[in-house]
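Visitor: Just passing along the structure, written as structure tokens.
Nothing in this text is a laboratory measurement; each read-out follows from the coordinates by a stated rule. Everything numeric here is computed off the predicted structure, so don't read it as measured data. Cβ coordinates were reconstructed from backbone atoms using ideal geometry, including for glycine residues, and neighbour counts include every protein chain displayed.
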Amino acid sequence: MEILNTKVAIIGSGPAGLLLGQLLYKAGIEHILIEQRSAEYVSARIRAGILEQVSVDLLKQAGVDQHLNEFGLPHHGIEILSNGEKHRIDLSALTYGKQVTVYGQTELTKDLMHARNEAKLTSFYEANDVKIHEFYNEPYVTFYKNGIEYRVNCDFIAGCDGYHGVCRATVPQDKIKTFEKVYPFGWLGVLADVPPVSDELIYVRSERGFALCSMRSSKRSRYYLQVPLTDKVDEWSDERFWDELKNRLDSESQKNLITGPSIEKSIAPLRSFVTEPMRFGNLFLAGDAAHIVPPTGAKGLNLAASDIAYLSSALIEYYLNSSKQGLDEYSEKCLKRVWKAERFSWWMTHLLHHFETESDFDIKIKQAELDYILESEAGKKTLAENYVGLPYELKRLEKIKNISC
Ligand code: RFL
Ligand code: PHB
């Protein structure tokens, strides 16, 4: 058995684990990252596309914003298509100048992995049978790689291993409470090298179901359709996808839609899920390991980033200032922000999707609610304020800034 010693063992090389590693590295805190998949697999996954300003700021602080600055697309508004009519939500005008940035999670993951390679930080990809131990006392992690068993002794374990990971699953049942809502439909996503139908994202509520027109660049589009959970990807030829998307759009967008061969197509289920608390002794859960949101509000990746803002600053405070305050407050602070994003994502999902179980009355009430939001300054403001991202408590973030600059 190979024995390694470090301060923080990070489980998972998604955005949460990679960003935490980068911020710890900038602060000179030793850590090891352990991932079950290959580096190629991790850097090719296609997922989220929208970054809140606070996430962009954190990436800047981590020193990984070079590509983001060059290729990220600042967006000042979104469109909502309801009853065949498009309504613009002017995000910047409604939020005192805030914006979001279109930048794929795939690119962000590549940037973070590149920074990790450049800094020659210790990472184990393709680690098998990863297990976490003794996190209420002196934690350690075990795994196998190329037939060799490893043991990593550490002060803390960061469980950044996503919804299906091992960290949350190892917590004793009597120490954890979970809250869950599973939606009765999924999102069929298509990526295609065609110019986007519009300069801004279009969220579509139609009688045929929800659709979303998003993008990755001026030449690459990302589109989604609400589909029944029983649908299989093979049942959706490119032609069927484009036809159905057109059917859910307004006539102007139908005319402007450019179709082409898909380069990726997948169906993702929709779920709301929260774990309480997010700390178990010396184990800290972050990102999808602790909570899941349906993608309608574009919050999944951004919540992972805000957890890491809190966790990295708490660990830095612990090692540099010998203070446990940030660690003790971690779970409470994260959960406050998490539940607000859960509420927003649930609300957007509820408002824009068609549910089989809805009565005619439910449908009318929902349309009235959406009409109200789109016609009222206060309604648009509440949507915009949540979409661009609610603020975190910035005091601690300022502290990291001082350390890492
Ligand atoms: P990730 O990205 O899931 O990374 C977790 C990492 O942990 C690894 N892992 C393990 N490693 C070691 N040992 C084990 N036992 C392990 N078990 C798992 C995994 O291989 C993986 O590399 O979680 P993280 O870092 O918290 O980041 C969260 C975001 O990835 C997530 O919130 C978003 O991508 C959610 N999401 C979307 N969010 C949006 O805002 N907009 C979207 O359009 C959007 N699309 C998506 C999504 C999530 C999807 N998933 C999870 C299936 C589409 C999909 C398909
Ligand atoms: C995406 O571009 O993948 C995307 C954008 C906005 C969302 C969800 C996904 O709400």
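Visitor: Treat each spin label as a single point 7 Å out from the Cα along the C-beta direction, and report the D243 to R208 distance in nm.
Guide: 1.0 nm
Visitor: Then there is this: What order do you get for S13, S92, S221 when you list them from fewest to most C-beta neighbours inside 10 Å?
Guide: S92, S221, S13
Visitor: Using the scaling law 2.2 N^0.38 Å as the reference, what is the normalised Cα Rg of the chain?
Guide: The chain yields a ratio of 1.00.
Visitor: Among 25-32, 141-148, how do they line up from the highest to the lowest mean number of other beta-carbon atoms within 10 Å?
Guide: 25-32, 141-148
Visitor: At R0 = 35 Å, how high is the FRET efficiency between E2 and H114 if r is their beta carbon distance? Nearest 0.05 is fine. Display every interim value, and only then the final one.
Guide: Details: r = 27 Å, r/R0 = 0.76.
For E2 and H114, the calculated efficiency is 0.85.
Visitor: Hey, another quick one. What per residue convex hull volume, in Å³, comes out for the stretch 18-172 when only alpha-carbon positions are used?
Guide: Per-residue hull volume (Cα only) is 172 Å³.
Visitor: Does anyone have the angle between helix 15-26 and the longest principal axis of the chain? Alpha-carbon axes, 0 to 90°, nearest 10?
Guide: Tilt of helix 15-26: around 50 degrees.
Visitor: What is the Cα radius of gyration of the stretch 220-284 over 2.2 N^0.38 Å, N being its residue count?
Guide: The value comes to 1.68.
Visitor: Can you run the Rg to Rh ratio on the stretch 182-227? Use alpha carbon positions and the Kirkwood inverse-distance Rh.
Guide: Values: Rg = 11.2 Å, Rh = 11.1 Å.
Here Rg/Rh amounts to 1.01.
Visitor: Filter the cross-link list K181/K364; K98/K175; K60/K86; K145/K333 down to pairs whose alpha-carbon distance in this structure exceeds 32 Å. Can you show the working numbers first?
Guide: On the way: K181/K364 23 Å; K98/K175 39 Å; K60/K86 34 Å; K145/K333 36 Å.
Correct reply: K98/K175; K60/K86; K145/K333.
Visitor: On a full-extension model of 0.36 nm per residue, what is the gain between I148 and D371, subtracting their alpha-carbon distance, rounded to one decimal in nm? Write out the running numbers ahead of the final one.
Guide: Working: separation 223, 0.36 × 223 = 80.28 nm, distance 6.09 nm.
Stretched fully, the I148-D371 segment lengthens by 74.2 nm.
Visitor: How large are Rg and Dmax for the stretch 149-206 when only the alpha carbon atoms are used, in Å?
Guide: 20.2, 54
Visitor: Please report how far the C-alpha centroid of the stretch 231-293 lies from that of the stretch 122-198, rounded to the nearest whole angstrom.
Guide: If you average the Cα positions of each part, the centres end up 20 Å apart.
Visitor: For the chain, find the longest principal axis of its Cα atoms and tell me its angle to the long axis of helix 300-321, 0 to 90°, nearest 10.
Guide: 20 degrees
Visitor: Expressed in nm to one decimal, what extension gain is obtained for the pair R343 and R271 from 0.36 nm per residue of sequence separation less their Cα-Cα distance?
Guide: Gain in length upon complete extension: 24.7 nm.
Visitor: Calculate the tail of P(r) for the stretch 63-141: the fraction of all Cα-Cα distances greater than 14 Å, expressed in %.
Guide: Cα-Cα pairs in the stretch 63-141 separated by more than 14 Å: 77 percent.
Visitor: Between S92 and D174, what's the calculated FRET efficiency when r is the beta-carbon distance and R0 is 41 Å? Round to 0.05.
Guide: Here the calculated transfer efficiency is 0.30.
Visitor: For helix 238-248, what angle does its Cα long axis make with the longest principal axis of the chain, in degrees from 0 to 90 and rounded to 10?
Guide: It works out to around 60 degrees.
Visitor: Per the Cauchy relation, a quarter of the hull surface: what is the mean projected area of the convex hull of the alpha carbons in the stretch 94-175, in nm²? Working shown, then result.
Guide: Working: hull surface 38.3 nm².
That works out to 9.6 nm².
Visitor: If you don't mind, another one. Please compute the length gained on full extension between D199 and N137, using 0.36 nm multiplied by the number of residues separating them and subtracting their Cα-Cα distance. Mind dumping the intermediate values first?
Guide: Values: separation 62, 0.36 × 62 = 22.32 nm, distance 5.29 nm.
Going from the current span to full extension adds 17.0 nm.
Visitor: At R0 = 45 Å, how high is the FRET efficiency between R45 and D360 if r is their beta carbon distance? Nearest 0.05 is fine. Write out the running numbers ahead of the final one.
Guide: Details: r = 41 Å, r/R0 = 0.90.
The formula returns an efficiency of 0.65 here.
Visitor: Now a separate question. Find the all-direction average of the projected area of the Cα convex hull for the stretch 245-368, expressing the result in square nanometres with one decimal place.
Guide: Across all orientations, the stretch 245-368 yields a mean hull projection of 11.7 nm².
Visitor: Continuing with this model, one more query. Roughly what percent of Cα-Cα pairs across the stretch 1-88 reach past 19 Å? All intermediate terms of the calculation are to be shown ahead of the outcome.
Guide: On the way: 2206 of 3828 pairs.
Result for the distance tail: 58 percent.
Visitor: So for the pair S251, S38, with labels modelled 7 Å out along Cα→Cβ, what separation do we get in nm?
Guide: 5.2 nm
Visitor: Ok, one more. Sorted by packing (mean other beta-carbon atoms within 10 Å per residue), highest first, where do 120-127, 358-365 land?
Guide: Going from most to least packed, we get 120-127, 358-365.
Visitor: Could you grab the Rg to Rh ratio for the stretch 253-308? Cα atoms only, Kirkwood for Rh.
Guide: 1.20
Visitor: Then there's this: Sort 58-65, 319-326, 112-119 for me by packing, meaning the mean count of neighbouring Cβ atoms within 10 Å per residue, highest on top.
Guide: 58-65, 112-119, 319-326
Visitor: Using the crude model of +1 on Lys and Arg Cβ and -1 on Asp and Glu Cβ, and no other charge, please compute the dipole size for the chain relative to its Cα centre, in debye to 20.
Guide: Here the size comes out at about 660 debye.
Visitor: If you wrap a convex hull around the Cα atoms of the stretch 313-360, how much volume per residue is inside, in Å³?
Guide: Spread over its residues, the Cα hull of the stretch 313-360 gives 81 Å³ apiece.
Visitor: The stretch 1-51: Rg/Rh from Cα coordinates, Kirkwood Rh?
Guide: 1.03
Visitor: For the stretch 164-302, evaluate the Debye formula with one uniform point scatterer on each Cα (no solvent term) and list log10 I(q)/I(0) at q = 0.09 Å⁻¹, rounded to two decimals.
Guide: For the stretch 164-302, the Cα-only Debye profile gives -0.36.
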